[in-house]
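Peer 1: Below is the structure I would like to discuss, written out as structure tokens.
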């Protein structure tokens, strides 16, 4: 696993974009915690991520390349519009997908997908990439999420191509806003 700083990442952004497009897994900082990601449209990369994280077929979330992409691909009602206006921020919006080809079929086994736009440089990277990336905590399922590279699980590290190191992140996972049912519910983390 290659460890790079935010500055190195910014200087070599196109090279890292190519690596993501080729299906590489990577760890990145967000406005909450470190995330584990890959190209959310690449079925093989998503399976690789699920195997590395030891995550069963439960829904994953994605970082959207733009608000327009969210509007084009998900059902947006008045309540969802209000939450969409709060992005970027520390929220995961659970929305019903209307364009199932927007993400790989193995992102979710339901008709809903979690969508994020962190208030962080990773969102700019995804915008430039032009495709969604998977966003899930950088840990093995049921283990503590990591706040710096010292807490990265060795087994997970062996499956990751690169790590964008921002040092210690003292956040917690994003709040989850369920907008895919009749009644809106919020799960604070």
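Just so it is clear, none of the values below were taken in a lab; they were calculated from the coordinates. Here the structure is a predicted model, which is why all the values come from computation and not from measurement. Neighbour counts run over all protein chains shown; Cβ positions are idealised from the backbone, glycine included.
Peer 1: Can you give the extra length, in nm with one decimal, that the chain gains between residue 140 and residue 85 once fully stretched, where that is 0.36 nm per residue apart less the Cα-Cα distance?
Peer 2: Values: separation 55, 0.36 × 55 = 19.80 nm, distance 3.22 nm.
Length difference between fully extended and current span is 16.6 nm.
Peer 1: Using Cα pairs closer than 8 Å and at least 6 residues apart in sequence, work out the relative contact order for region 1-74, in percent. Don't jump to the answer; show the numbers that get you there.
Peer 2: Numbers: 43 pairs, mean separation 12.3, N = 74.
Reported as a whole number, the value is 17 percent.
Peer 1: Enter the Cα centre distance for the pair region 150-189 and region 36-96, rounded to the nearest angstrom.
Peer 2: Region 150-189 and region 36-96 have Cα centres spaced 12 Å from each other.
Peer 1: Quote the relative contact order of the chain in percent (integer), defining contacts as alpha-carbon pairs under 8 Å separated by 6+ residues.
Peer 2: Details: 393 pairs, mean separation 64.4, N = 189.
It comes to 34 percent, rounded to a whole number.
Peer 1: How would you rank 120, 105, going from fewest to most other Cβ atoms within 10 Å of each one's own Cβ?
Peer 2: Values: 120 20, 105 10.
Taking fewest neighbouring Cβ atoms as first place, the list is 105, 120.
Peer 1: Multiply the residue separation of residue 170 and residue 11 by 0.36 nm, subtract the distance between their alpha-carbon atoms, and state the gained length in nm to one decimal.
Peer 2: On the way: separation 159, 0.36 × 159 = 57.24 nm, distance 2.57 nm.
Going from the current span to full extension adds 54.7 nm.
Peer 1: Restricting to DSSP H runs of at least four residues, report the calculated mean residue ellipticity at 222 nm for the chain, -39500 (n - 2.57) per run over all residues, nearest 500 deg cm²/dmol. Don't skip to the answer; put the middle values down first.
Peer 2: Values: 7 runs with 53 residues, N = 189.
Here the helix-only value at 222 nm equals -7500 deg cm²/dmol.
Peer 1: What angle, in degrees between 0 and 90 and rounded to the nearest 10, separates the Cα long axis of helix 43-53 from the longest principal axis of the Cα atoms of the chain?
Peer 2: Value to nearest ten degrees: 70.
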